[in-house]
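Beneath this line is the structure, given in structure tokens, with notes to follow.
The values are calculated or read from the model by the stated rules, or taken from the named source; none is laboratory data. If you're wondering where the values come from, they're calculated on a predicted model, not measured in any experiment. Please note: Cβ atoms are built from the backbone with ideal geometry, for glycine as well, and neighbour counts cover all protein chains shown. Quick note on the areas: whole protein, heavy atoms, side chains included, nothing else; ligands and nucleic acids left out. Shrake-Rupley method; radii C 1.70, N 1.55, O 1.52, S 1.80 Å.
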Amino acid sequence: MQDGKHIVVAIDGPAASGKSSVARELARRLGFVYVNSGAIYRAVAWNILQNEIDPRDQGAIERHVSGLQIRCDVRDHESLTLIGGVDPSDHLRDDAVNKNVSIISSLSRVREILVEKMRGYARDYDLVMEGRDIGSVVFPETRFKFYIEASPEIRSRRRAAEGQSDEIAIRDRADSSRSTSPLVIVEDAEVIDTSNLTIVQVVDEIVRRLKAKGLQIGSRP
Ligand code: DC
């Protein structure tokens, strides 16, 4: 906490840029809670698909999501989303979720509901939160914003190494061109290209820059 408020470190970037691994390790080093906002959108996308709602039917999705019981929790210092009491963690990287999460997350009503949940985390915890619009929309007031990128070739290779079929170029286009909260590099974000760096090197660099900005670094046992 600083000035009576919880601290938020925002990490934005495109798919497979390495942000999840970096954000998780950074949170561990800082002793903060790690929030994967993409996992929240994925949890909702999975629920919509499970309920056999057409991902292109905006009205049906908005009605469904407005009535959903979405609980954003913390377990082992990490975010966990329960939908109607169900933990969808094992399904968040399903092919169908990869394919449909961008279109579902482009809907403003969906974003409105989930952004409120994300902000709720900062009422209780210091956070490292990763996503697409954390520095631009969810926590625009934080002083600690990073934009993580890597070349398209490296990102495709990382996904393939994870054994996933994820059309990241298509998702990138959708996530960057949508009208609501597109992926952008905000002026006050520090940009780090991870193409030729290890996770530890990226985290070291972020910690160095956070210290330079005056953040006091503790650590979690
Ligand atoms: O970070 P990820 O690739 O797991 O995110 C999955 C999708 O969720 C991504 O394609 C777009 C959406 N998303 C978003 O719109 N806003 C965020 N803050 C995080 C993710």
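Net charge near D3, counting Lys/Arg +1 and Asp/Glu -1 over other residues with Cβ under 13 Å of its Cβ? Spell out each step's value before the answer.
Details: positive: K5, R143; negative: D126, E141.
Its environment carries a net charge of 0.
Within 9 Å, Cβ to Cβ, of I192, how many net charges do the neighbouring residues add up to if Lys/Arg are +1 and Asp/Glu are -1?
Values: positive: R209; negative: E149, E190, D193, E205.
Neighbour charge sum, excluding I192 itself: -3.
Keeping every protein chain present and rolling a 1.4 Å probe, give me the accessible area per residue for the range 8-210 in Å². Please report the intermediate quantities before stating the final value.
Details: 9300 Å² over 203 residues.
Counting only protein heavy atoms, the per-residue value for the range 8-210 is 46 Å².
Determine by what factor the alpha-carbon radius of gyration of the range 166-220 differs from 2.2 N^0.38 Å, reporting the quotient. Display every interim value, and only then the final one.
Working: Rg = 15.2 Å, N = 55, 2.2 N^0.38 = 10.1 Å.
Here the answer is 1.51, to two decimals.
Ignoring everything except DSSP H segments at least 4 long, calculate the 222 nm mean residue ellipticity for the chain; use -39,500 (n - 2.57) per segment, divide by total residues, nearest 500. If you can, show how the numbers build up before the last one.
Values: 8 runs with 97 residues, N = 221.
Computed ellipticity for the chain at 222 nm equals -13500 deg cm²/dmol.
With a 1.4 Å probe and every protein chain kept in, tell me what percent of the accessible surface of the chain is carbon plus sulfur.
Values: 5000 of 10790 Å².
Reported share for carbon and sulfur atoms: 46 percent.
Roughly how far apart, in whole Å, are the Cα centres of the range 175-221 and the range 75-96?
The range 175-221 and the range 75-96 have Cα centres separated by 24 Å.
In square angstrom, rounded to the nearest 10, how much accessible surface does T198 have for a 1.4 Å probe?
70 Å²
I'd like the accessible area for M1, computed on protein heavy atoms only with a 1.4 Å probe and all protein chains in place. Round to 10 Å², please.
My reading of the accessible area for M1 is about 120 Å².
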